[in-house]
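What follows is one structure encoded as structure tokens, with my remarks underneath.
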Amino acid sequence: MTPDRTSDLSRRIREQAEAVFPVIQAIRRDIHAHPELSYEEFRTSAIIHDYLKGLDIEPEPQFLETGVVALLKGRADGPQIALRADIDALPLSEENACAYSSRHPGTMHACGHDMHTAMLLGAASILAGMRDELAGSVLFIFQPAEEKAPGGARPLIEAGLFKRFSPSAVIGQHCFPNVPSGKVALCRGSFMAAADELYFTVSGQGGHASAPHKASDPVLAAAHIITAAQHLVSRVAPPHEPAVVSISSIQGGHAPNVIPSKVVMSGTMRTMNEELRRLLHQKLHETVRHVGEGLGVEAEVEIRQGYPVLYNDPEITRHAAIACSEYLGRENVIDSEPLMTAEDFAYYLQEKPGTFWQIGTGLPEQDRSNMLHSPTFDPDENALSTGAGLLAYSAIRFMDYFAGEKD
């Protein structure tokens, strides 16, 4: 696509994104006021379903109880591009005071999924108005349950998503308040970490605290396990490989003069490649068992595997950065460092090439408490039109890319 054509396309899409802004802003506020937890997103799914039908985009038969998948066909039977948004809320009580604050105590859209949903609906509106120009098709994935393991992406895939559809690329984005509104941040390769939950049980022999030699102290052993686990980061993981092991909860005992018989702990492990993940799992099991044996107690750890490493395809990400620069201006496209947070978008990227970027929702003078998973998270709504337009523009440019117009 020539520079003149890309300039004209980006101008037209920006105009349409501005035009659809009031509509998707109203939808976002409605969804925000009525948040729904993972696998309970029935009202949200109905809103999405009805909006897409109004665009003459017929939703597919349900893969899961909640969520919506729909295919927009263009003028040609060309490349298929998948765009994904997550739709669930968090078990959190909102502290913002505005007309569209959550009406459901204990539930809040504190991670921007209401924004993601509205952005993708905006992109669907823009692309539906251009369907006669599309050189392929666009698969819209409104996914439930990103916030609750095992997530919604893997069940969608297991239910046959990629047996029914075969996109050439899967594209996603996530609100980030630390990125200024109007900008995006991209990262090639490993972008988000694999996240595993750790549950430790240390069993000994209780006794009187004045006679520890007559007991097998699980508290002492637990303390040694906490410090020993850190050798996984400093002595097992290569210095150039990010890794985190955090023990964040410890419970045991109830009196100052009683050695308890059991201590339980929990924590998290984060890694940025699957090979290191497997190695640290093995070494943690060995470390916990050996420390326990050395201190005369039984110790074990249960590792509940969470989402895998989110790996952005380098070539797809390179092309995404070009498309973002064309649409937003090169000054508004920045590089992102890898993050130790986790996202089940990673499952799509295990099946198909794609990329996942940060879309800015931050304001210059925002409060420090305006962050993800905070009861005062309050994204800049101007990002709605940015995100909607960027998704629509990127879908078209990726169709061109896979149709042979490669940079």
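The values are calculated or read from the model by the stated rules, or taken from the named source; none is laboratory data. Remember, predicted model here, so these are calculated numbers, not experimental data. So basically every Cβ, Gly included, is an ideal-geometry build from the backbone, and we count neighbours across all protein chains shown.
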(message) Being farther than 30 Å from GLY78 by Cβ, touching a helix residue (DSSP H, G or I) at 6+ places or on another chain (Cβ under 9 Å) and in a helix (DSSP H, G or I) is the requirement here; does ALA145 meet it?
(response) no
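Of the residues ILE322, ILE359, ILE334, which single one is part of a strand (DSSP E or B) and surrounded by fewer than 18 Cβ atoms within 10 Å (Cβ to Cβ)? Explain how you work it out, then say what you get.
Numbers: ILE322 fails: part of a strand (DSSP E or B); ILE359 fails: surrounded by fewer than 18 Cβ atoms within 10 Å (Cβ to Cβ).
Selected residue: ILE334, the only one of ILE322, ILE359, ILE334 that is part of a strand (DSSP E or B) and surrounded by fewer than 18 Cβ atoms within 10 Å (Cβ to Cβ).
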(message) Would you confirm, using the coordinates I've provided, whether LEU71 is at pLDDT 95 or above, aliphatic (A, V, I, L, M) and outside any strand (DSSP E or B)?
(response) no
(request) Any residue in the range 1-21 that's over 17 Å from GLY387 (Cβ atoms): show its pairings with residues that are at pLDDT below 95 and part of a loop (DSSP other than H, G, I, E, B) at Cβ separation under 7 Å, as long as the two are six or more apart or on different chains. (result) MET1/GLU405
(request) Starting from residues that are of a type in the set (A, V, I, L, M) and in contact with a Leu (Cβ under 9 Å, 6 or more places away or on another chain), keep the ones in the range 131-152 and report whichever is surrounded by the most Cβ atoms within 10 Å (Cβ to Cβ). (result) VAL138
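Considering every residue within the range 303-312, establish whether at least one is among the β-branched types (Val, Ile, Thr), more than 27 Å from ILE126 (Cα to Cα) and in a strand (DSSP E or B).
Quick first cut of the range 303-312, residues among the β-branched types (Val, Ile, Thr) only: 303, 309.
When the remaining residues are screened for being more than 27 Å from ILE126 (Cα to Cα), the result is 303, 309.
Right, trim to in a strand (DSSP E or B) and you get 303.
Among the residues of the range 303-312, at least one is among the β-branched types (Val, Ile, Thr), more than 27 Å from ILE126 (Cα to Cα) and in a strand (DSSP E or B), which makes the answer yes.
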(message) If ALA110 meets every condition in (1) more than 20 Å from ASP378 (Cα to Cα); (2) among the aliphatic types (A, V, I, L, M); (3) touching a Phe, Trp or Tyr at 6+ places or on another chain (Cβ under 8 Å); (4) in a loop (DSSP other than H, G, I, E, B) apart from one, which number is that one?
(response) (1)
(request) Please enumerate the residues belonging to the range 5-56 that are touching a Gly at 6+ places or on another chain (Cβ under 6 Å) and either aliphatic (A, V, I, L, M) or surrounded by fewer than 17 Cβ atoms within 10 Å (Cβ to Cβ) (or both). (result) ILE13, ALA17, VAL20, ILE24
(request) Could you identify the single residue in PRO256, PRO177, PRO238 that is in a loop (DSSP other than H, G, I, E, B), under 36 Å from the mean Cα position of the chain (by Cα) and either at pLDDT 95 or above or under 28 Å from ASP344 (Cβ atoms) (or both)? (result) PRO238
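Tell me whether the range 237-247 contains one or more residues that are free of Cβ contacts under 8 Å to residues at least 40 places away in the same chain, within 13 Å of GLU197 (Cβ to Cβ) and touching a strand residue (DSSP E or B) at 6+ places or on another chain (Cβ under 6 Å).
Taking the range 237-247 and keeping what is free of Cβ contacts under 8 Å to residues at least 40 places away in the same chain, we get 238-241, 243, 246.
Then drop every residue that is not within 13 Å of GLU197 (Cβ to Cβ), which leaves 246.
Add one more test, that the residue is touching a strand residue (DSSP E or B) at 6+ places or on another chain (Cβ under 6 Å), and what stays is 246.
Within the range 237-247 (the criterion being free of Cβ contacts under 8 Å to residues at least 40 places away in the same chain, within 13 Å of GLU197 (Cβ to Cβ) and touching a strand residue (DSSP E or B) at 6+ places or on another chain (Cβ under 6 Å)), the answer is yes, since at least one residue qualifies.
Condition check ((1) in contact with a helix residue (DSSP H, G or I) (Cβ under 9 Å, 6 or more places away or on another chain); (2) free of Cβ contacts under 8 Å to residues at least 60 places away in the same chain; (3) assigned by TED's automatic domain parsing to the domain that holds PRO180) across all residues:
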{"site": "ARG277", "(1), (2), (3)": "no, no, no"}
{"site": "GLN282", "(1), (2), (3)": "no, yes, no"}
{"site": "THR287", "(1), (2), (3)": "yes, no, no"}
{"site": "ILE316", "(1), (2), (3)": "yes, no, yes"}
{"site": "SER325", "(1), (2), (3)": "yes, yes, yes"}
{"site": "GLY329", "(1), (2), (3)": "no, yes, yes"}
(request) Run GLY54 past the list (1) under 27 Å from ILE396 (Cβ atoms); (2) of a type outside the set (Ser, Thr, Tyr); (3) within 23 Å of the chain's Cα centre (by Cα) and report the number of the one that doesn't hold. (result) (3)
